[in-house]
1. Within the range 185-194, how many residues are in a loop (DSSP other than H, G, I, E, B) and crowded, with 20+ Cβ neighbours inside 10 Å?
2. Quickly run through the range 1-46 and pick out the residues that are at pLDDT below 50, surrounded by 12 or more Cβ atoms within 10 Å (Cβ to Cβ) and outside any helix (DSSP H, G or I).
3. Which of the residues belonging to the range 101-117 are of a type outside the set (Phe, Trp, Tyr) and not in a loop (DSSP other than H, G, I, E, B)?
4. Taking the range 47-71 as the region of interest, how many residues are assigned to a strand (DSSP E or B) and surrounded by 14 or more Cβ atoms within 10 Å (Cβ to Cβ)?
5. Can you name every residue in the range 166-184 that is open to solvent by less than 10 Å² (accessible area, probe 1.4 Å) and not in a helix (DSSP H, G or I)?
6. Restricting the first residue to the range 55-66 and requiring it to be without any contact (Cβ under 8 Å) to a residue 24 or more places away in the chain, which pairs with a second residue that is surrounded by 11 or more Cβ atoms within 10 Å (Cβ to Cβ) meet a Cβ separation below 7 Å and a spacing of at least six or different chains?
7. Could you check residue 206 against (1) among the polar types (S, T, N, Q); (2) part of a helix (DSSP H, G or I); (3) more than 18 Å from residue 109 (Cβ to Cβ) and say which number it fails?
8. Taking residue 145, is it of a type in the set (S, T, N, Q), open to solvent by 40 Å² or more (accessible area, probe 1.4 Å) and part of a helix (DSSP H, G or I)?
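The values are calculated or read from the model by the stated rules, or taken from the named source; none is laboratory data. From a predicted model like this one, the values you see are computed outputs, not experimental measurements. Methodologically, a virtual Cβ is constructed for each residue, glycine included, from the backbone with ideal geometry; neighbour enumeration extends over all protein chains shown. These accessible areas exclude ligands, DNA and RNA; they are computed on the full protein's heavy atoms, side chains included. Shrake-Rupley method; radii C 1.70, N 1.55, O 1.52, S 1.80 Å.
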Amino acid sequence: MRNITRTLIGPVLCALFLLGGCAYSGESRSSHAYALAAQNGWTHRTIETGAFRLESFLPRHIFPADTVTIYIEGDGLAWLDPATPSFDPTPKEPVGLELALKQNTDAAYLARPCQYESAREAACSDDTWWTSRRFAPEVVEAETTAVDAIKRLYKASHVVLVGYSGGGAIAALVAARRHDVTELVTVAGNLDTETWVKLHGVLPLSGSLNPADEWAALQNIPQRHF
């Protein structure tokens, strides 16, 4: 019943939001990111993590580097309005990717679960992965596995993690569980999600971890928060 409802309501919502072509469609948002990456000489790669298939973008030609900087995307289009979850959290504007492309070398971009092509996988029929459980242990574990995969591609020894918005929370949670992170950088990052929920009066992030609770594991990592 849920899948049927998603199938029927999705096109209707698109028609209501944008009669000129449904810019809310996951396909058009994905195509925008793929084109942006290609224009800058980057290519797309899917990383299997077990729980999720995470999408990444990397330079077409990768050279060994001691340190690789990994940019983690924000929450994307998680909600259509305060009460309606999106059917596909692929970002309308991939700010994390735009930041990564500015660095260009010794860098990589990592999406969040169910963004881009991975939105089609079975796990993504459950919208809690980009709403209440967006920072769940399973999500952090998947992102950590993807960081390991990118690190191997670069034959790197160290990692710099840069997170945009909700990606800042993920970057902090991942950093707290690693010993190879030489710097943690966030841009408009959600670093205390409990306070963030109270401030904005939104639904609690049930099942999610709070980066603020990881302060002890993070205190010795150099950090910059914008």
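1. Going through the range 185-194 one residue at a time, the tally reaches 3.
2. 18, 22, 23
3. Listed by number, the residues that qualify are 101, 102, 103, 107, 108, 110, 117.
4. The number of residues fulfilling the criteria is 13.
5. 184
6. As it stands, the answer is 60/41; 60/42; 60/43, since those pairs meet every condition given.
7. (2)
8. Taking the combined requirement at face value, the residue satisfies it.
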